[in-house]
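Comments concern the structure below.
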Amino acid sequence: MEEIRSAYLDETLDTVRAADFLQYRSKDLPTWCPGCGYFGIVDALYRACRELDLKQENIVTVSGIGCSGRTPIFINTYGFHTLHGRSIPVATGLKLAREDLTVFAVAGDGDALGIGGGHLPHVARKNINITFLLFDNSIYGLTKGQSSSTTPHEMKTSSHPAGNPDTPLNPIRLALAYGASFVARGYAGDPQGLKDIIKNGILYQGFSFIQILTPCVTFDKENRTWKNLKENVVDLTPRMEEKNMETAMRLAQNEPHGVGIFFWDKKRPHYQEILRNLNKGN
Amino acid sequence: MKDIDIVIEICGSAGEGTISAGEILSRFMSGQGFEIMSFDSYPAEIRGFGKCVAHTRISSNPIYSPGKLADVLISLNDNHAISQLPTLKESGILIYDSQPARPHEEDKSVAGRTKPGMISYGIPLNMLAHKAAGNARGMNMVALGALSALFHVDKDRFTDSIKARYGKKKQVVIDANVNSFLEGYDWAKENIKKSDPYSFEGVNLPEQKEKLIVNGNQLVAQAALDANLMFYAGYPITPATKIMEILSKELPKHGGTLLQTEDEIAAIGAVIGAGFGGKRAMTATSGPGFALMTEFTGLSVMAEVPAVIIDSQRAGPSTGMPTKTEQSDFNSAVMGGTGDCPRIVLAPADTKSCYEATVLALYFAEKYQTLVVVLLDFFLSNSIKNIDVPKKPAKKYRIANIAPKKEDLKDYKRYKITKSGISPRAVPGTPGGIFFSTGLEHNEYGRPDYSQAGHLKMTQKRYDKFNAVLVEAPAPEISAMGRGKVDIGVISWGSSAGAAREAVMAAQKEGIKAASFSSMMVSPFPEKALIKFADNCRKILIPELNFSGQFADFATCILKRPVEKLNFITGRPMASEDILQKMREM
């Protein structure tokens, strides 16, 4: 456990204060388990907002259901905790109605790839200008440890005590195949690196898909643990300079623990720009 | 001045100009000052040679229902017209093709199937169409020409109307249509010896100001634009699709955005997202889509985010009968979903009130921060009526959010308990207004709270809105009760109300003491008004277009006395004749 350094432990408070992002933190204490990777994710999110100097009242954080669903409670922005799997459509409507706002959609692996998996292709192909954070701990945490869409094959879970019969999805490959124009993977144990990715995602005017590798310290003791992540996570940035689809697909296939920005099509217009262009003629 | 009230049906195969002939007839008659109501029926399949019927009622007096039986049946295709013959009155008139392109097999001609008492006029429709334009395409116009000659309709005015209808087309198209009409007119004038009593001669109606000829879907779209709609999300589904198609063209011109989503779940999700952002938003759907939206309807009520759903009901559960009308989503709209979930439901009774209902829906949703469902049905969505141009909504109805004041923002409680149940609502972007919304039970700040007292307090708050909205809800439509008790009170809702009203008027003429009641507001229901009405009625009759009597059961709970149900699931609109017949039997 000594490897775990949560942003809220006493010894880190000084650094937190020095980073000057406390205004993005709500007064509510997170209800996540001690040692949860999500602390690292919100830490990165606070830092990204601070570095971009976003006004809290101009941000809305939209979530689904599950441990990740509670995120907006702990962030001092407008927040909307919606339905299981539905943060994407709600964030889409919000952004299209209020282009002036910065909109984060957050979801867990069950949210984004299980119950709400049908929304991902469409938000990607429409290129809605929101930043999507996939809190991927490869397990259903809030319902106590059932297999999710990213649980490894044959891993024993509370819904599959004999081993998971399903083959896990590869979120990066899916996002690439769906035509997302900003596809990245970050790691909850590296808030600085994750912050940079989220910052770029916010800056990108279009749909940014960010998968975040994070452990469930309570219900997954064998697969996506801090120990395993620490040993396996590798920064792919040097190998990603080209940002072409072939390289991105190959890396997505071969590097399940590789972090960095796999693909980024900076020129593609977002949905509202496309609409404006199309409606100009009419 | 003499009155006219006539139902004309044109029956043909898809692609024979059946529906457009009905439309031309309706437009012309509306221009002449008549009240018109028309309702077309066509198959759910796009291709093929399915049966189409253009049904039009034309009257010199106000009309509230399309009429069940036809006075006149025009057959453009005998195969289909034979199955339409049962809806022709016993003394009705048949107009048919006396020289069809291919002679009918024995028993396959509609003229051979008429009952004694009916009048048949054979017109060589096909031959005259060829004579006028070289092909059979103008048969529909020949028929309209013959109809005009038979019923003494002004020839010149009608041809002007056809010219106006095809004004933007090539001259050859206009000529073909006008010439076909004239061929039919002249042939009928010369060759038919009239033996029916119908005549438009001498029916001179006062000049009317410009009327709109519209269906419910068009009015919903227009009302939404007039009531500040800024966002629409939807998924194609019969019979609601047209609302999305109109708005996709018009909404961007008003600065709004339209989103076609991957499914109805995403559509209502996006509507709620836009509503959270403080913009007026709406979706339209039918039964299957409404079912998918159910979970989100609960979120709208729980998180108090405005959302408007137009549900144009079609027949049956599941996919049912997509192009048939029914009133069977009452339970689903008023009570569907989980938990104690109060929502506002409006059910317009006729075409023109589709406008009012939509304006009110957007207004109520924003002001009361909740879900509003508008129950249309296939008939209201598609039937055409000529109406006065609706008055645009006053500012009060266009901007209705109750925003927090400065002192509210000092310690902002998004879900503050108030007498009306309405808490001042900040929209994102408001400094000091930051809040968190959730579908979890929550306290006044929006933070999760599962305490007994908290759940009771918040549930009560959501129901308190009911009392507040009832104060400004549209009043029920009650026909003049006169003095003393009536024998039969007819209580109806939605598109059945027009037929109920006509049935009561007809019953009164027959000496049956009767009165009618209908309310556009069905949730919350104006219970006091209903009880007061029923107290004056010896018997209660509740006609509606569903099998089990969904509204009748609902009303019985309020009235706590037995009611007589009258239910149809024929896929056709409610007929006043059927209600009247039932009243005679009661």
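The values are calculated or read from the model by the stated rules, or taken from the named source; none is laboratory data. Here the structure is a predicted model, which is why all the values come from computation and not from measurement. Using ideal geometry, Cβ is built from the backbone for each residue, glycine included, and neighbour counts are taken over all protein chains shown.
Things to note:
- Filter result for A:VAL42 (touching a strand residue (DSSP E or B) at 6+ places or on another chain (Cβ under 7 Å), aliphatic (A, V, I, L, M) and at the interface with another protein chain (Cβ under 10 Å from one of its Cβ atoms)): no
- In the stretch B:395-406, the residues that are within 37 Å of the chain's Cα centre (by Cα) and assigned to a loop (DSSP other than H, G, I, E, B): B:ILE399, B:ALA400, B:ASN401, B:ILE402, B:ALA403
- Where B:ARG572 falls short, out of the listed (1) modelled with pLDDT under 95; (2) of a type outside the set (Asp, Glu); (3) in a strand (DSSP E or B): (3)
- The set of residues in the stretch B:408-435 being within 10 Å of chain A (Cβ to nearest Cβ) and more than 15 Å from B:ALA303 (Cβ to Cβ) consists of B:GLY429, B:THR430, B:PRO431, B:GLY432, B:GLY433, B:ILE434.
- Among residues of the stretch A:270-282 that are at the interface with another protein chain (Cβ under 8 Å from one of its Cβ atoms), none has a Cβ under 9 angstrom from a residue that is buried (at least 16 other Cβ atoms within 10 Å of the Cβ) and at pLDDT below 95 at a sequence gap of 6+ or on a separate chain.
- Filter result for the condition that a residue is within 21 Å of the chain's Cα centre (by Cα) and among the polar types (S, T, N, Q), over B:ASN228, B:ASN217: B:ASN217
- For the criterion of being more than 8 Å from chain B (Cβ to nearest Cβ), buried (at least 24 other Cβ atoms within 10 Å of the Cβ), in contact with a Cys (Cβ under 9 Å, 6 or more places away or on another chain) and within 16 Å of A:TRP32 (Cβ to Cβ), A:GLY64 fails.
Yes or no, residue by residue, for (1) closer than 22 Å to B:PHE181 by Cβ; (2) touching a strand residue (DSSP E or B) at 6+ places or on another chain (Cβ under 8 Å); (3) of a type outside the set (S, T, N, Q):
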| site | (1), (2), (3) |
| --- | --- |
| B:HIS104 | no, no, yes |
| B:ARG113 | no, no, yes |
| B:ALA129 | yes, no, yes |
| B:GLY138 | yes, no, yes |
| B:VAL142 | yes, yes, yes |
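- Residue pairs meeting the criteria (Cβ under 6 Å; at least 6 apart or on separate chains; first touching a residue at least 12 places away in the same chain (Cβ under 8 Å), in the stretch B:52-63; second basic (Lys, Arg) and surrounded by 19 or more Cβ atoms within 10 Å (Cβ to Cβ)): B:ILE63/B:ARG57
- All of (1) within 30 Å of B:GLY202 (Cβ to Cβ); (2) in contact with a Gly (Cβ under 8 Å, 6 or more places away or on another chain) hold for B:HIS80 with one exception: (1).
- When the stretch B:407-460 is limited to residues that are among the aliphatic types (A, V, I, L, M), closer than 23 Å to A:LEU83 by Cβ and part of a loop (DSSP other than H, G, I, E, B), the one that is farthest from the chain's Cα centre (by Cα) turns out to be B:ILE434.
- Summed over the stretch B:313-332, the residues that are buried (at least 20 other Cβ atoms within 10 Å of the Cβ) and either in contact with an Asp or Glu (Cβ under 6 Å, 6 or more places away or on another chain) or at positive phi (or both) give a count of 5.
- For beta carbons closer than 7 Å, sequence separation of 6+ or different chains, a first residue in the stretch A:71-86 that is facing chain B (nearest Cβ under 7 Å) and in contact (Cβ under 8 Å) with a residue 24 or more places away in the chain and a second that is part of a loop (DSSP other than H, G, I, E, B) and buried (at least 24 other Cβ atoms within 10 Å of the Cβ), the qualifying pairs are A:ARG86/A:GLY64; A:ARG86/A:GLY116.
Condition check ((1) buried (at least 17 other Cβ atoms within 10 Å of the Cβ); (2) within 22 Å of the chain's Cα centre (by Cα); (3) on the phi < 0 side of the Ramachandran plot) across all residues:
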{"residue": "B:PHE525", "(1), (2), (3)": "yes, yes, yes"}
{"residue": "B:ILE531", "(1), (2), (3)": "no, no, yes"}
{"residue": "B:GLU544", "(1), (2), (3)": "yes, yes, yes"}
{"residue": "B:PHE547", "(1), (2), (3)": "no, yes, yes"}
{"residue": "B:GLN550", "(1), (2), (3)": "yes, yes, yes"}
{"residue": "B:GLU564", "(1), (2), (3)": "yes, no, yes"}
{"residue": "B:ARG572", "(1), (2), (3)": "yes, yes, yes"}
{"residue": "B:MET583", "(1), (2), (3)": "yes, no, yes"}
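- In the stretch A:20-38, residue nearest to the chain's Cα centre (by Cα) [restricted to those that are under 12 Å from A:ILE75 (Cβ atoms) and more than 14 Å from every other protein chain (Cβ to nearest Cβ)]: A:TYR38
- In the stretch B:315-324, the count of residues that are closer than 17 Å to B:LEU375 by Cα, within 12 Å of chain A (Cβ to nearest Cβ) and modelled with pLDDT of 95 or more is zero.
- Matching entry among B:ILE558, B:ILE531 (being more than 17 Å from B:GLU326 (Cα to Cα) and in contact with a helix residue (DSSP H, G or I) (Cβ under 6 Å, 6 or more places away or on another chain)): B:ILE558
- Lone unmet requirement of (1) at pLDDT 95 or above; (2) assigned by TED's automatic domain parsing to the domain that holds B:LEU144 for B:LYS169: (1)
- Checked against (1) in contact (Cβ under 8 Å) with a residue 40 or more places away in the chain; (2) surrounded by fewer than 18 Cβ atoms within 10 Å (Cβ to Cβ), B:PHE49 meets all criteria but (1).
- Matching helices (runs of 4 or more DSSP H) fully within the stretch B:184-283 where at least 1 residues are within 10 Å of chain A (Cβ to nearest Cβ) and crowded, with 20+ Cβ neighbours inside 10 Å: B:264-276
- Just one of the listed residues (A:PRO256, A:PRO269) is surrounded by 13 or more Cβ atoms within 10 Å (Cβ to Cβ), over 28 Å from A:PHE135 (Cβ atoms) and at pLDDT 95 or above, and it is A:PRO269.
- Among the residues of this structure, B:THR294 counts as one that is surrounded by fewer than 24 Cβ atoms within 10 Å (Cβ to Cβ) and of a type in the set (Val, Ile, Thr).
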